[in-house]
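Inspection log for the structure reproduced underneath, given as structure tokens.
Read-outs: derived from the displayed coordinates by stated rules, not from any lab. All of these numbers come straight from a predicted model, not from anything done at the bench. Glycine gets a Cβ as well: all are built from the backbone with ideal geometry, and neighbour counts include every protein chain shown.
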């Protein structure tokens, strides 16, 4: 009971203090409102484009949230588990190798002529507006780079291939980026976002840019490249199996044709002969031809099945919400900045009321008025 009384007494004391110095707090709130408006006006406008994809299931229709990834990417087989599921899409997009492939996306802006284009790399490098306080950050970064000597720009891309085994075709590519390109890749990564939703079986792609048309183009290109990446991953193994099946089919076909020609040539040369040896050889050639034909039919069926698997494992994405250039910016919100800085001004002014020097000044000022 005593603690509650003490808390009420403290709250009443704070309220009396705030009411007594209400003019000071209102002045601090007004200053915060003005400063918040200036900050909001200094921040460049940004537009958000959202694409909603729904990967179509190719199973028997009994897909659930638990086997969603298997239905989408596994061709409904249910026996082979994918290494890349929709939950891994954000990691794929945020990887440096994937971000580098986005550098060459051709795009346009609202202000540029219709027949002129620029790449995403150029747009992020030379067509970005920044608030006035970023000048000090840039100056500090250049000074730090000048001191450390990292201002020297490295080549854009250096690729080195290492063959791990002379009996295989396995190679590894090492990608080296300069500090500038690494920063641009990080900036692009901060402006795109992938949100898979297992419950609704959808994948949301968000792109945030300072130009609405550029945001729509980048979001659409990102959607297409994700689909191409997943399709290439899914079909790579099946295409290898198809190539092997086609080679086996070609070999079986060649052997069948050779056996057929050998049988026909033997029968033409021994048409009028009635020897038992000739008859035995003729029967043998017919059997070999029949076996070669059966092998050719078997490999043809395998090749056809491999083609079906290649088509079956390709993921199909239904675009529920396509990319459209937004009309209104999504940020910054002037009201939020003004409210936040107004509260900050009130909090700062109230804290100053409790400072010893301010209390002394306030008491002297009150005495002088009296």
Distance in nm between pseudo-label sites at residue 33 and residue 232 (7 Å out along the Cβ direction from Cα): 5.6
Residues 140, 341, 103 arranged by fewest to most Cβ contacts within 10 Å: 140, 103, 341
Average Cα contact separation per residue, the stretch 190-252, under 8 Å, 6 or more apart, as relative contact order %: 18
Per-q log10 I(q)/I(0), the stretch 291-333, q = 0.14, 0.19, 0.30 Å⁻¹ (Debye; single scatterer per alpha-carbon; no solvent): -0.60, -0.75, -0.99
Ratio of the Cα radius of gyration of the stretch 192-277 to 2.2 N^0.38 Å, where N counts its residues: 2.45
Rounded if a/c under 1.5, otherwise prolate or oblate - the stretch 222-315, Cα gyration tensor axes: prolate
Cβ-based exposure ranking for 268, 220, 104, in which fewest neighbours within 10 Å come first: 268, 104, 220
Potential extension, residue 195-residue 144 segment - 0.36 nm per residue separation minus Cα distance: 14.7 nm
Relative contact order for the stretch 204-309, counting Cα pairs under 8 Å that sit 6 or more residues apart, in percent: 35
Residue 319/residue 115 FRET efficiency (R0 35 Å; Cβ-Cβ; nearest 0.05): 0.80
Rough spin-label spacing in nm, given labels placed 7 Å along Cα→Cβ, for residue 339 and residue 297: 7.7
For 92, 230, order by how many other beta-carbon atoms lie within 10 Å, fewest first: 92, 230
